[in-house]
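Written out below as structure tokens is the structure these notes cover.
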Amino acid sequence: MSRPAPRPRASLVVVGAGPRGTGLLERIAANAPELYGGRGLDIHLVDPYPPGAGRVWRARQSPLLWMNSHAEDVTVFTDDTVEMAGPVRPGPTLHEWAAVDGRTFADRRTQGAYLRWAYQRAVAGLPADVVVYHHARRALRVEGAREERQRVWLDGRDTPLPADLVVLTLGHLDAEPDAEQRELSAYARAHGLVHLPPDFTADSDLSALRPGEPVLVRGLGLAFVDLMVLLTEGRGGRYDGDTYVPSGREPVLYVGSRRGVPYHSKIGYDWTGDRPPLPRFFGPAETEALLARPDGFDFRRDVWPLVEKELGFAHYHRLFTAHPERVRTGWAGFEARYAAAGPDERAALVAAVVPDPADRLDLAALDRPLDAVRYGSHAQLQEGLRRYVEADLRRRHDPAHSPDLAVFLALLSVYGQLVRLGDIGGWWHGFFSLLASGPPGPRLRQLLALSRAGVVRFLGADMAVTAGDGMFRATSATVPGAAVEARALVEARLPHPTVERARDPLLRALHADGAAATPDGLLAVDRTDGRVLDRAGRPHPRRFALGPHTDARGSGAFTRPRTGGVAFRQNDATARAVLTFLRAPERPASPHHALLEEPAR
């Protein structure tokens, strides 16, 4: 009597081995003792970049590029604030691991080394019968019926990897240009101009930006900060205190954006005293109520009022409890009235009991600080913007304004709820970045020095770019009637993560094969465990996705300690779903055999 063919080892393919893939691997290791049980598992990590650091945090990049968070505010490890079913596996923060001052803004290569170590620790923590392989290639497509083992095709390989399950942890992706960017690039080619579309600044070829020549730059976020660094210090310039000493190789950067101002500085002091009790007005119950609406919800009408009230609650809780000399009443009475009041009533309440307008939270003014502000010339605008940045630096480093830090904590709380709602449009993410994900204070001081040296010149808000007469031309509502012309234009922002325009062939093929996308172009996933949804709303039993290309995108693959870690929660849910599926006693056999790279251990 012949024996039945041995069942093949379970196979999991994870496409993307950067920090998100590493976080998933860590959660698999943490949950495996409970959920898997020693049946043997091959984990295939597919990524052309080294595991752990991935593309963004790789070792081969300029040492001048920093993280935009203090080293003590960066961790890839869970703690008891993360809402998850799996066990907590604590680990060191970046500053503890690297033995650096916690207030240091570490360079990205140091963060990459931390992530590589975290990856190695995750692999070492897996059960003995789990083997990890790294394939330094790109994944091209995934095939297979819903009820069958999947096949993952790799660039340069004739035979696919068999996969009981596939998880996409792709991170940030390159994208094809949109219609406006295609027109600008075509015009540049036809007229001998330079146009650099949205990209990862560390990967951009900046050699075409010539010394002394004007360059229009659209974007004042973190991509601009990288650009500023690489075109100044990266070309031999240096700082002598608050003065920039040019090398003579710098172009002249004329920079504007929709808001016309840089992101707010990272806060430069520590929290003291009691934290605001969050969530208060926007927590799980409110999120569930929004999701249960039969006709759906509108962000501005239904969600933003809850966000606004939550941020205000945190702000005034801190103001009343830490700075009581600046208010006219006690916290208990104010809180009860605040809780019962609508938006107009809250504004009147705050005006009555908070005498100094600087102590009131004005989210509209924070979002659009240059609305209705007009300057008669670009020279006047430079002075005005320098005063704005100087005031921001003073405030963000002065604990007398500690309600700002309370708002930051509320933003993190709110983000954790908004992720559960799916695709809410792009405005919120930009607003969050403006307040909570700005550059280190030293970078803004460098920006001021570059402005005084004439290397950076501000253009203002609502920057518009046109092409004509062989040039690019920039205008702004902040300086009516004025324009700046240049032969070079840089779009200082990351590509938008849409499935239709992603250059990643696997993501585009997945969408073409029936995976659903949101109106904003994000891959639709089940928010309980990250399974990819089809256009009928059905979760795929064997395909998962995590990260910024999905409508469950979190604020990042790593986070501040003790802030709930949205990405950690998602990683844990997906890891548990993966392990639960793989422990099933029967899996269909596959005629395909993996082409294995060297195992990670």
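The values are calculated or read from the model by the stated rules, or taken from the named source; none is laboratory data. These numbers were taken from a predicted model, which means no experiment stands behind them. So basically every Cβ, Gly included, is an ideal-geometry build from the backbone, and we count neighbours across all protein chains shown. The area values use the complete protein model at the heavy-atom level, side chains included, leaving out ligands, DNA and RNA. Shrake-Rupley method; radii C 1.70, N 1.55, O 1.52, S 1.80 Å.
Some points to look at:
- C-alpha center-to-center spacing [segment 225-252, segment 323-378] in angstrom: 39 Å
- Solvent-accessible heavy-atom area per residue, rounded to whole Å², over segment 390-439 at 1.4 Å: 27 Å²
- Crossing angle, helix 343-353 versus the chain [Cα axis fit, 0-90 degrees, rounded to tens]: 50 degrees
- Note on the chain: antiparallel DSSP beta bridges, both residues inside, total approximately 45 percent of the bridges counted.
- Taken over the alpha carbons of segment 1-149 as equal point scatterers, the Debye sum produces base-10 log I(q)/I(0) values at 0.08 Å⁻¹ of -0.28.
- Cα extents of segment 54-109 along the three principal axes, largest first (Å): 40, 26, 16
- D_trans [Stokes-Einstein, Kirkwood Rh over alpha-carbon pairs] for segment 443-524, 4 °C, 1.567 mPa s, µm² s⁻¹: 79 µm²/s
- Normalised by the number of residues in the chain, the average gap of Cα pairs under 8 Å and 6 or more apart makes the relative contact order 24 percent.
- Value of [θ]222 nm, deg cm²/dmol, for the chain, DSSP H segments ≥ 4, -39500 (n - 2.57) each, nearest 500: -10500 deg cm²/dmol
- Cα-only Debye scattering, the chain: base-10 log of I(q)/I(0) at q = 0.11 Å⁻¹: -1.14
- Tail beyond 22 Å, pair distance distribution of segment 349-490 (Cα, percent): 54 percent
- Segment 247-294: mean projected area of Cα convex hull, nm²: 8.5 nm²
- The Cα center of segment 425-485 and the Cα center of segment 532-574 differ in position by 32 Å.
- Relative packing of 52-58, 96-102, 407-413, 447-453, which averages over residues the other C-beta atoms within 10 Å, highest first: 52-58, 407-413, 447-453, 96-102
- With the alpha-carbon atoms of segment 88-152 aligned to their principal axes, the span from lowest to highest coordinate is 52, 28, 20 Å, starting with the largest.
- D205 - accessible surface, heavy atoms, 1.4 Å probe, Å² rounded to 10: 100 Å²
- Accessible surface of the chain [probe 1.4 Å, protein heavy atoms]: carbon and sulfur percent: 51 percent
- Under the combined filter of DSSP loop state and at most 16 neighbouring Cβ atoms within 10 Å, segment 343-417 retains these trypsin sites (Lys or Arg not before Pro): R374.
- Relative contact order for segment 409-535: 15 percent, from Cα pairs under 8 Å spaced at least 6 residues apart, divided by residue count.
- Percent of Cα pairs exceeding the 18 Å cut-off, where the set is segment 355-426: 58 percent
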